[in-house]
1. Name the residues in region 33-60 that are closer than 15 Å to A205 by Cα and part of a strand (DSSP E or B), would you?
2. Among the listed residues I219, I211, I195, identify the single one that is more than 19 Å from L8 (Cα to Cα), part of a strand (DSSP E or B) and among the β-branched types (V, I, T).
3. Within region 48-60, identify whether any single residue is farther than 14 Å from A156 by Cβ and over 19 Å from the mean Cα position of the chain (by Cα), and answer yes or no.
4. So which residues in region 153-181 are more than 14 Å from A205 (Cα to Cα), of a type in the set (G, A, S) and touching a strand residue (DSSP E or B) at 6+ places or on another chain (Cβ under 7 Å)?
5. Starting from residues that are polar (S, T, N, Q) and in a loop (DSSP other than H, G, I, E, B), keep the ones in region 167-185 and report whichever is surrounded by the most Cβ atoms within 10 Å (Cβ to Cβ).
6. How many residues does region 117-136 hold that are of a type in the set (V, I, T) and open to solvent by 40 Å² or more (accessible area, probe 1.4 Å)?
7. Would you point out the residue of region 64-94, among those that are free of Cβ contacts under 8 Å to residues at least 60 places away in the same chain and within 18 Å of the chain's Cα centre (by Cα), that is surrounded by the fewest Cβ atoms within 10 Å (Cβ to Cβ)?
Amino acid sequence: MLISVKDLKKEFKVEDVVTKVLNGVSFNIEKGEFVSIMGPSGSGKSTLMYILSFLDKLSSGEYFFDDQNVSNLDDDKLAEMRNNKVGFVFQSFNLLNRTSVLENVMLPLVYTNISKKERVIKAKRILEQVGLSHRLDYTPNRLSGGEKQRVAIARALINNPEVIFADEPTGNLDSKSGLQVMKLLEDLNRQGHTIVLVTHEKYTAEYAERIIYIKDGLILSDSKVEQRQTAEDKEELLK
């Protein structure tokens, strides 16, 4: 079991006002699964992703990652887990605009013991994997939206993470670029990567094999996708 969450709750307190965001959610995610966390704005899905990816702490409950109880880890330990165990793909790309594609992808390796030469070799290999070996020296402002997201995916892969969290990864893309990104996530999942996709769109969620639907901080359903979308099928429809 890669991820196991038991009665997880999260609340935010500002002075005397307490806002409950997650009201006791429980689920498991196996290694190699492709899971969507779906729900409307304000449902708690993004907060849940932040906790699962070690960007935030739970208020109560338990969170096990790869059989390790990470519920009460301090900030330094959470940062270590975040750097070594997970990769992120965000709707807004989060790239450094004045830095080359190659350097953007190498960025997570700055905090490792890997030599500069090895970092370059590793980053070039991953950029080739996502089809961007011809864009190494470009800065992000010279790239299309789809290319920026592929750079973000390459950066997410650079530390060989246990799981990739993709938060609305197609939200800023046109249909064609969005399909390319989803095809890449599908391919990574086929290669054995665990993918957790956060979205409010049902047709995007259905690329996964399973959808966890959240509303008002509670899981309303957790079910297998019976008619799973594939990027290849969508491409045929758009022809």
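1. Answer for region 33-60, where residues must be closer than 15 Å to A205 by Cα and part of a strand (DSSP E or B): F34, V35, S36, I37, M38.
2. Numbers: I219 fails: more than 19 Å from L8 (Cα to Cα); I211 fails: more than 19 Å from L8 (Cα to Cα).
So the residue among I219, I211, I195 that is more than 19 Å from L8 (Cα to Cα), part of a strand (DSSP E or B) and among the β-branched types (V, I, T) is I195.
3. Looking through region 48-60, at least one residue is farther than 14 Å from A156 by Cβ and over 19 Å from the mean Cα position of the chain (by Cα).
4. Applying the first criterion (more than 14 Å from A205 (Cα to Cα)) to region 153-181 yields 153-164, 172-177, 180.
In the following step, the residues that additionally are of a type in the set (G, A, S) were identified as 154, 156, 175, 177.
Residue satisfying the conditions is A156 alone.
5. As a first pass, look at region 167-185 and keep what is polar (S, T, N, Q): 170, 172, 175, 177, 180.
The next check asks that each one be in a loop (DSSP other than H, G, I, E, B); those that pass are 170, 172.
Working: T170: 25, N172: 16.
Applying the filter and picking the extreme gives T170.
6. Taking region 117-136 as the starting set, the residues that turn out to be of a type in the set (V, I, T) are 120-121, 126, 130.
Checking the rest, the ones that are also open to solvent by 40 Å² or more (accessible area, probe 1.4 Å) come to 121.
Count: 1.
7. Our first condition is that a residue be free of Cβ contacts under 8 Å to residues at least 60 places away in the same chain; within region 64-94, this holds for 68-82, 94.
From the residues that got through so far, the ones that are within 18 Å of the chain's Cα centre (by Cα) too are 78-82, 94.
Details: L78: 16, A79: 14, E80: 14, M81: 18, R82: 16, N94: 12.
Top of the filtered list is N94.
Rundown of residues vs (1) of a type in the set (F, W, Y); (2) surrounded by fewer than 16 Cβ atoms within 10 Å (Cβ to Cβ), yes/no style:
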position	(1), (2)
V151	no, no
F165	yes, no
I211	no, no
R228	no, yes
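The values are calculated or read from the model by the stated rules, or taken from the named source; none is laboratory data. Treat the numbers as computed from the prediction; the structure is a model and nothing was measured. Counting neighbours? That spans all protein chains shown, and the Cβs are built from the backbone with ideal geometry, glycine included. Side chains are part of the model used for accessible areas, which takes the heavy atoms of the whole protein and leaves out ligands, DNA and RNA. Shrake-Rupley method; radii C 1.70, N 1.55, O 1.52, S 1.80 Å.
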